[in-house]
Amino acid sequence: MTGRPVLGIETSCDETAVAVLAADGQVLAERVLSQSGHAEHGGVVPEIAARAHLAHLPGMVEAVLAAARTPLDGLGAVAATVGPGLIGGLLVGANYAKGLALALGRPFVAVNHLEAHALTPRLPGLVAGGAPFPYLLLLLSGGHTQAVAVEALGHYRRLGTTLDDAAGEAFDKAAKLLGLGWPGGPALERLAQGGDATRFPLPRPMLGRAGCDFSFSGLKTAVAQEAARLGTGALRQQDAADLAASFQAAVAAVLADRARHAAAMLRATHPGLALMVASGGVAANQALRAALAAAARAEGMALAAPPARLCGDNAVMVAWAAIERLRAGAALGPEVPARPRWPLDDALLRIA
Ligand code: KG4
Ligand code: ZN
């Protein structure tokens, strides 16, 4: 490790994000640009995303370096997400970072986006006690819903995953049915605040089932059926709020149940397990965080969840994952190609 700051770049989906972290993990500056061009299409359009990353990245790097008071040649390494994600955006970020690293004569660090979400709670100052290994990770994003045993850096064991939709996807689809914009998660959470969560008896898929897999597509269908029963055309505001609250309560109940199962599974090999971590965009949801905190308490554990801005996609987590690997002498380099799929238990991430 050089002791110099690390530049992180995130372009795997529709957030263009840049951060500079000191070698000890202190955030010197960061910026996240949530692209606006997708809302009218009701979802991320990969080609639009890639072009927007290309348009914004150079200016954002310049601005963040200036805010961090770090000149280009003061950087110790340049890190970028190379997967999983949308290939166009990944290529833009990874190639930009590789070019910069080459020009500066500094190492390029290839980062796995899921590992970056997984290691976020270890960012200095975020969690009292610093989130030592092992911990149980609930990775809740737009593309992934997984319970993962984080046993050490590079050692991730998937305990359960979704059989159909990801939690964020379910939020986005339910929000669409309720006539909300995109992305739907934050809008649905706001709407649910004025709603009666007990009004619609929605299903709780997988509740009590052995293991800790998830399923959300039936819940989305149930929301569609309730909405249809309320009549054609736009929903009344109170109906929509009640349905949103009922949906969120169902997701919370399922997540809490699955988290408790996952904790019990992991305790079989790690009896002293004390920490549950929620990460990914959906973990920004306050009702879900409260349900997971209660589940953790019931298992004799504490819940750690990054602040909302570090739950969603950001570049702080990318630079931090690079720092963790540089410290361990296990950084991946330019030989790792950009790839749409790259699971956490892939052999490339293993550290002997
Ligand atoms: O981790 P993330 O920013 O991107 C991916 O890697 O997928 O997660 C995005 C997902 C979207 O589906 C979005 O609707 C959801 O996280 N989300 C939320 C909230 N904020 C973002 N879901 C529920 N409640 C929220 N407050
Ligand atoms: Zn993400």
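Normalised by the number of residues in region 224-326, what is the relative contact order in percent for Cα pairs under 8 Å and 6+ residues apart?
Answer for region 224-326 is 25 percent.
Using the C-alpha gyration tensor of region 95-147, what are the square roots of 5 times its eigenvalues, in whole angstrom, with the largest one first? Working shown, then result.
Details: eigenvalues 160, 55, 13 Å².
Semi-axes (√(5λ), whole Å): 28, 17, 8.
Of all the accessible heavy-atom surface of region 104-146, with the other protein chains kept in place and a 1.4 Å probe, what percent is carbon and sulfur?
Whole-percent figure for carbon plus sulfur exposure: 57.
What does the convex hull of the Cα atoms come to per residue for the chain, in Å³?
Enclosed volume per residue, from the Cα hull, is 126 Å³.
Simple spin-label model, 7 Å along Cα-to-Cβ: His270 to Arg199 in nm?
In this crude spin-label approximation the distance works out to 4.2 nm.
With each pseudo-label sitting 7 Å past Cα toward Cβ, what's the Asp24-Glu40 distance in nm, one decimal?
About 4.9 nm separates the two model spin labels.
For Arg209 and Leu33 in one chain, what is 0.36 nm times their gap in residues minus the Cα-Cα distance, to one decimal in nm?
Result: 59.4 nm gained on full extension.
Between Gln238 and Asp346, what length comes free when the chain is fully extended (0.36 nm per residue of separation minus the Cα-Cα distance, one decimal in nm)? Can you show the working numbers first?
Values: separation 108, 0.36 × 108 = 38.88 nm, distance 4.63 nm.
Gain in length upon complete extension: 34.3 nm.
When you take every Cα atom in region 134-305, what is the radius of gyration, and what is Dmax, the widest Cα pair distance, in Å?
According to the Cα coordinates of region 134-305, Rg and Dmax are 16.1, 54 Å.
With a 10 Å radius around each residue's Cβ, average the other Cβ atoms per peptide and rank 189-197, 66-74, 304-312, highest first.
Values: 189-197: 17.9, 66-74: 13.9, 304-312: 19.8.
Ranked from most to least packed, the peptides come out as 304-312, 189-197, 66-74.
How big is the dipole moment of region 253-352 about its Cα centre under a simple scheme where the beta carbon of each Lys and Arg is +1, that of each Asp and Glu is -1, and everything else is neutral? Debye, nearest 20, please. Intermediate values should be presented prior to the final figure.
On the way: 11 positive and 7 negative charges, 28 e Å.
The dipole of region 253-352 has a size of about 140 debye.
With label points built 7 Å along Cα→Cβ from the Cα atoms of Arg158 and Trp182, find their separation and express it in nm.
Label-label distance for Arg158 and Trp182, simple model: 2.5 nm.
Which value at 222 nm does the chain reach when only helices count, each DSSP H run of 4 or more adding -39,500 (n - 2.57), with the total divided by all residues and rounded to the nearest 500 deg cm²/dmol?
Value at 222 nm, helices only, nearest 500: -13000 deg cm²/dmol.
Once the other residues with Cβ under 14 Å from the Cβ of Leu275 are scored (Lys, Arg +1; Asp, Glu -1), what is the net sum?
Within the 14 Å Cβ shell, the charges total +1.
Out of Phe108, Phe133, Ala147, whose Cα points farthest toward the positive end of the dipole of region 106-178 (charges: +1 Lys, Arg; -1 Asp, Glu; placed on Cβ)?
Sorting the options by dipole projection puts first Phe108.
Working with all protein chains in place, sort Cys212, Cys13 by solvent-accessible area computed with a 1.4 Å probe, largest first.
Cys13, Cys212
The values are calculated or read from the model by the stated rules, or taken from the named source; none is laboratory data. Source: prediction; values computed, not measured. Heads up, the Cβs are rebuilt from the backbone with ideal geometry, glycines too, and the neighbour counts pull from every protein chain shown. Ligands, DNA and RNA are stripped out before the accessible areas are found, and what is left, the full protein with its side chains, is counted by its heavy atoms. Shrake-Rupley method; radii C 1.70, N 1.55, O 1.52, S 1.80 Å.
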